[in-house]
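Here the structure comes first, spelled out in structure tokens, and everything after it is commentary.
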Amino acid sequence: MSAPAIEAVSARALVDPVFFTRLSGRIATANSLNTELADRIADQALAYLATSAQRETDAAVLSPSPMVDLGWHAFLEYTEFYDRFFEAHGWRKVPHCPHDVPGRTYEPAAVILERTTRAIQAAGFRLDAELWAASTVSCGGDDSDGQPGDPLPCGDHG
């Protein structure tokens, strides 16, 4: 007998629908995006944060793609809601930390993004693969592979 298949869930269910609409609206307005794309970004940012918040503290770093990072940045603007998101679920708060430690070499984006997307799926969330198809984990959307002079990538720990 095989185990029953469990369908992946949308991370938007982790927040109040009214707040989800506000978050998505901010993403759309700040980045000149349509509502459908902003909704997808908000959902994936929540999946990323929920997954990061539940990982072991000594586990390898997870990072968002540049598109998903738009959602994280928007959520950070709602500091009270951001704090409550983690408290309500009993998770550790995920700090936003650029990878800029002098002399430290960071993994290539492809490695980090592959690990992150696998972790999101393993956590039971739906993955919007199109939003994770990137060659960088940079906040600015430019290529960053950890070499000196590259833009700072974002991650859940530095």
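The values are calculated or read from the model by the stated rules, or taken from the named source; none is laboratory data. Since the model is a prediction, treat every value here as computed from it, not as a measurement. Neighbour counts are summed over all protein chains in view; Cβ atoms, including those assigned to glycine, are modelled from backbone coordinates with ideal geometry. With ligands, DNA and RNA removed, areas are computed over all heavy atoms of the protein, side chains included. Shrake-Rupley method; radii C 1.70, N 1.55, O 1.52, S 1.80 Å.
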- Distance (nanometres) between label positions extended 7 Å along Cα→Cβ at residue 29 and residue 127: 3.3 nm
- Residue-count net charge about residue 77 - beta-carbon cut-off 12 Å; Lys, Arg +1, Asp, Glu -1: +1
- Whole-Å distance, taken between Cα centres, linking region 39-105 and region 8-26: 15 Å
- Query: Any idea how far apart residue 83 and residue 97 come out in nm if each label point goes 7 Å out from Cα toward Cβ?
  - Reply: 2.1 nm
- Task: Find how much the distance from residue 111 to residue 18 grows on full extension, using 0.36 nm per residue of separation minus their present alpha carbon separation; answer in nm with one decimal.
- Result: 30.0 nm
- Query: In Å², what does the accessible area per residue of region 1-113 work out to with a 1.4 Å probe?
  - Reply: 53 Å²
